[in-house]
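Reviewing the structure listed below.
The values are calculated or read from the model by the stated rules, or taken from the named source; none is laboratory data. The structure displayed is predicted, hence computed values, not measured ones. In this analysis, Cβ positions are derived from the backbone assuming ideal geometry, glycine residues included, and neighbour counts consider all displayed protein chains. Only protein heavy atoms, including side chains, enter the accessible area calculation; ligands, DNA and RNA are left aside. Shrake-Rupley method; radii C 1.70, N 1.55, O 1.52, S 1.80 Å.
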Amino acid sequence: MTHKLSGKTVVITGAAQGIGRSAAILFASARARVLAIDLDAAALATLEAEHGCEPVVLDLTDRESVAAWAESVEAVDVLFLCAGYVAYGTIEDCSDADWAFSFDLNVTAMFRMIRAIIPGMVVRKRGSIITMSSVASSVRGVPDRFAYAATKAAIIGMTKALAADYVGHGIRCNAICPGTVETSSLEDRIRATGDYEATRAAFIARQPIGRLGRPDEIAELALYLASDTSAFTTGQCHIIDGGWSN
Ligand code: NAD
């Protein structure tokens, strides 16, 4: 059996749960050294105990801590920026705080992490950066995702600009745009509406394939983009959405 990420060091943000955790487990099984970043120390500890991922407890919105950590890291081959926050509502529901936090975590923290890690990739003339966007972005308009969609569209712009700037340096940059994926945070968001069954049914109904996506399905796409199998792919939005945007 070949191991797609043998000898590679991967950094994953938002690695404690959901898609990021699935990716951390899959990447570790593909023989990567996985540096798993999250706020949730307890969940990272189980990722370490069960899958050998190296835990990095870090608040991605804390500029100084991120800069200090990035200084200490050498030779990152793959950066998978998965952490994100979903703000609900229209523009009229969107407070300044919601707007600012959405951009802080989803966009600015991603920008700072890439800016810190990419010089090492340039020196080694290789790297794969994978950003986490969403179908709710410039891919399609989704009701009640005003601030979220603005951040996820910004991520697509950032991804394409990075891909254009670094294509001559052996560095690829691709975005993943999932439809609705069954994660614990989605479950929490469905419960928070107060009408679990109807909300869940509505989430399923918008995806013609007739179900929600699974984190491991998104992780497989991330593995493809992380590995040399995808060496001819850069600057693209990889949509994985059960036919929602078709
Ligand atoms: P999730 O919400 O379950 O987990 C996010 C993780 O990020 C958590 O472990 C959390 O602790 C961590 N995190 C949050 N703020 C942090 C911070 N400041 N510093 C460090 N870590 C922090 O994630 P998910 O539902 O799997 O979604 C992952 C990504 O995929 C997000 O960017 C999300 O927008 C995107 N996405 C999700 C779906 C979906 O339906 N689940 C669909 C499209 C896109």
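How about the stretch 178-231: which helices (runs of 4 or more DSSP H) wholly inside it have at least 1 residues that are in contact with a helix residue (DSSP H, G or I) (Cβ under 7 Å, 6 or more places away or on another chain) and touching a residue at least 24 places away in the same chain (Cβ under 8 Å)? Lay out the reasoning, then the answer.
Working: elements: 184-192, 196-205, 215-226.
The helices (runs of 4 or more DSSP H) meeting that bar are 184-192, 215-226.
Please determine, by comparing only the residues of the stretch 8-44 that are open to solvent by 10 Å² or more (accessible area, probe 1.4 Å) and β-branched (Val, Ile, Thr), which one is farthest from residue 61 (Cα to Cα).
25
Look at residue 136 and say whether it is open to solvent by less than 10 Å² (accessible area, probe 1.4 Å), within 15 Å of the chain's Cα centre (by Cα) and over 30 Å from residue 74 (Cα atoms).
Working: open to solvent by less than 10 Å² (accessible area, probe 1.4 Å): yes; within 15 Å of the chain's Cα centre (by Cα): yes; over 30 Å from residue 74 (Cα atoms): yes.
Considered against the rule, which asks whether it is open to solvent by less than 10 Å² (accessible area, probe 1.4 Å), within 15 Å of the chain's Cα centre (by Cα) and over 30 Å from residue 74 (Cα atoms), residue 136 comes out as yes.
Do you know which of the residues in the stretch 125-139 that are outside any loop (DSSP other than H, G, I, E, B) and touching a residue at least 60 places away in the same chain (Cβ under 8 Å) is farthest from the ligand (Cβ to nearest atom)?
Filtering the stretch 125-139 for residues outside any loop (DSSP other than H, G, I, E, B) gives 127-132, 136.
Retained after the next criterion (residues that are touching a residue at least 60 places away in the same chain (Cβ under 8 Å)): 128, 130, 132.
Details: 128: 18, 130: 11, 132: 4 Å.
That would be 128.
Within the stretch 96-104, is even one residue open to solvent by less than 60 Å² (accessible area, probe 1.4 Å), in a helix (DSSP H, G or I) and touching an Asp or Glu at 6+ places or on another chain (Cβ under 8 Å)?
If we filter the stretch 96-104 for residues that are open to solvent by less than 60 Å² (accessible area, probe 1.4 Å), which is where we start, we get 98, 100, 102-103.
Keeping just the survivors that are in a helix (DSSP H, G or I) gives 98, 100, 102-103.
This time we only want the ones that are touching an Asp or Glu at 6+ places or on another chain (Cβ under 8 Å), so: none.
No, there is no match, as no residue in the stretch 96-104 is open to solvent by less than 60 Å² (accessible area, probe 1.4 Å), in a helix (DSSP H, G or I) and touching an Asp or Glu at 6+ places or on another chain (Cβ under 8 Å).
Determine which single condition residue 190 fails, assuming it passes every other condition in (1) touching a Lys or Arg at 6+ places or on another chain (Cβ under 7 Å); (2) closer than 30 Å to residue 77 by Cβ; (3) of a type outside the set (Lys, Arg).
(2)
Residues checked against (1) surrounded by fewer than 16 Cβ atoms within 10 Å (Cβ to Cβ); (2) touching an Asp or Glu at 6+ places or on another chain (Cβ under 9 Å); (3) part of a loop (DSSP other than H, G, I, E, B):
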residue	(1), (2), (3)
6	yes, no, yes
46	yes, no, no
55	no, yes, no
66	no, yes, no
86	no, no, yes
108	no, no, no
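Looking at (1) in a loop (DSSP other than H, G, I, E, B); (2) open to solvent by 50 Å² or more (accessible area, probe 1.4 Å); (3) aliphatic (A, V, I, L, M), find the lone condition where residue 142 falls short.
Residue 142 satisfies every listed condition except (2).
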